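Q: Starting off with a structure, shown below.
The values are calculated or read from the model by the stated rules, or taken from the named source; none is laboratory data. On a predicted model such as this, the values are computed, not experimentally measured, just so you know. As a convention, Cβ positions derive from the backbone with ideal geometry for all residues, glycine included, and neighbour counts pool all protein chains shown.
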């Protein structure tokens with residue numbers, strides 16, 4: 001590459017580092033880079049390890065800066081969204097969750113019985129299960145102290161899960177302030193008899209957005 005192309009690679013890397021987005025390139029299926037012992041940026045195809053050509057580097061720069069009218073002040077929106085998703089998921093995983101054994105202990109039943117009950121409730125869209133690295137997480141917010149599904153949450157979970165909404169999105173929506181509820185946290189508001197109907201209505205509206213218009 002020419003000196004100007006090397007400079008472009010450095011500017012692009014420094015820009016992404018300043019936005020704290022550089023570590024998300026590979027996860028987004030985009031080319032990524034390494035710095036050699038001299039600190040020089042070496043861009044490569046993430047899948048093959050093949051060095052990027054000058055044309056490929058310029059194309060990557062255009063793709064990342066395509067949002068907004070001024071490329072100098074653009075932000076790679078897809079990477080920003082991915083960063084938010086990673087941050088939200090980390091926060092969710094750090095909250096209290098149960099596995100089959102933990103639920104069995106709460107309910108005072110065998111692990112096999114707990115596993116059967118969990119998947120029965122999930123098949124009826126009454127229980128949120130979240131896949132994580134080959135395991136199944138049971139977010140504890142939806143359960144009572146005895147490990148049963150909270151009565152007030154069952155009718156909120158049902159439309160969201162029946163619509164096929166991503167489990168991570170269901171978890172995030174239920175446990176964070178929601179615009180459809182004026183900033184209330186759905187799982188908390190559902191416990192208030194005066195707000196429960198509003199939460200159920202918001203869940204139905206969100207489910208309709210997820211499933212799309214009826215054919």
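Q: Taking only the stretch 130-163 into account, find how many residues are in contact with a helix residue (DSSP H, G or I) (Cβ under 7 Å, 6 or more places away or on another chain) and in a loop (DSSP other than H, G, I, E, B).
A: Qualifying residue count for the region: 6.
Q: Right, next: Is the stretch 100-120 home to any residue that is modelled with pLDDT of 90 or more, surrounded by fewer than 17 Cβ atoms within 10 Å (Cβ to Cβ), touching a strand residue (DSSP E or B) at 6+ places or on another chain (Cβ under 8 Å) and assigned to a loop (DSSP other than H, G, I, E, B)?
A: No: the stretch 100-120 contains no residue that is modelled with pLDDT of 90 or more, surrounded by fewer than 17 Cβ atoms within 10 Å (Cβ to Cβ), touching a strand residue (DSSP E or B) at 6+ places or on another chain (Cβ under 8 Å) and assigned to a loop (DSSP other than H, G, I, E, B).
Q: Just wondering, is there one or more residues in the stretch 29-50 that are assigned by TED's automatic domain parsing to the domain that holds residue 86, under 22 Å from residue 84 (Cα atoms) and over 23 Å from the mean Cα position of the chain (by Cα)?
A: Yes: one or more hits.
Q: Do you know which residues across the stretch 85-129 are without any contact (Cβ under 8 Å) to a residue 40 or more places away in the chain, within 24 Å of residue 188 (Cβ to Cβ) and touching a helix residue (DSSP H, G or I) at 6+ places or on another chain (Cβ under 7 Å)?
A: 118, 125, 126, 127, 129
Q: Considering only the stretch 164-215, give the helices (runs of 4 or more DSSP H) lying wholly within it that have at least 2 residues that are free of Cβ contacts under 8 Å to residues at least 40 places away in the same chain and under 16 Å from residue 141 (Cα atoms).
A: Because the criterion is at least 2 residues that are free of Cβ contacts under 8 Å to residues at least 40 places away in the same chain and under 16 Å from residue 141 (Cα atoms), the helices (runs of 4 or more DSSP H) in the stretch 164-215 that meet it are 167-175, 186-189.
Q: Working only within the stretch 19-31, note down all residues that are out of contact with any helix residue (DSSP H, G or I) (no Cβ under 8 Å at 6 or more places or on another chain) and either part of a loop (DSSP other than H, G, I, E, B) or under 14 Å from residue 64 (Cα atoms) (or both).
A: Those that are out of contact with any helix residue (DSSP H, G or I) (no Cβ under 8 Å at 6 or more places or on another chain) and either part of a loop (DSSP other than H, G, I, E, B) or under 14 Å from residue 64 (Cα atoms) (or both): 26, 29.
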